[in-house]
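Before any comments, here is the structure.
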Amino acid sequence: MRIWKTFVAFILLLVTAATVAAAPAQTEPGAITVYGHAEMMVVPDVALVTAGVLTSGSDAAAVKRENDRVMNQIMERLKAEGITADKIQTAAVSLYPLQRSDDRAGVTGYRMHSSVTVTVEDLTRVGAVVDALFQAGANQLQGVSFALRDDRALRADLLRQAVEDGRQQAATIAESLGVRLGRPLSVTQNGRVYPVATDGYRIMKEAAGSPVNPGMLKASVDLTLVFAVQ
């Protein structure tokens, strides 16, 4: 009897092992990766004007004094134009030696470059501000760009649209594959872009009394979305 019980227990153990082996393996759910995109055309409400002074000479101290003198003139002129200090930011300052261009080593002189970026909130005055900068002694215009003072609402709209764009793509793919779209697993923002055209030569030509036309900005957002499928 004891041998019989042992034999039955052994048979039950084999049946249990076979059942476990025959059970399908548990697999991780699949995923669909899509790229959501959204873009909008917007009217800018602020301009950034970057201009500066380039001076050179044989004596470094004299070059710096002249550069400082002109930059002080520019600051005073901007103040006279009603531009407050918080709207003026130093963009660059550099002083460097000029090396000989032939085979002989040595310094032939010095060059200093200083520039400021001016925030102009009244776009009808961009041309006048550029004109004032050059009248005060600026001899370089790095560029004029346009932007938004507050882009938070725009960014929120773009993000919502990009998410919906990605969700619709994922739903279409899931339907075509005969699977059910699940929850989002991850979302990565790839960047936002506000491309602006900067044309220093055109701005200089328009500076004398003509308003500068900022045009429209194309704001865009791109997302990478990963959805689970079931």
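Throughout, read-outs are computed from the coordinates displayed, never taken from laboratory work. Note that this is a predicted model, so its numbers are computed, not measured.
At 37 °C and a viscosity of 0.692 mPa s, what translational diffusion coefficient does Stokes-Einstein give for segment 46-147, taking Rh as the Kirkwood radius over Cα pairs? Give it in µm²/s as a whole number.
The Stokes-Einstein estimate is 227 µm²/s.
Quick one: what are the phi-derived ³J(HN,Hα) couplings along segment 71-82, Karplus 6.51/-1.76/1.60 with θ = phi - 60°, whole Hz, x for glycine and proline?
5, 5, 4, 5, 4, 5, 5, 4, 4, 5, 7, x
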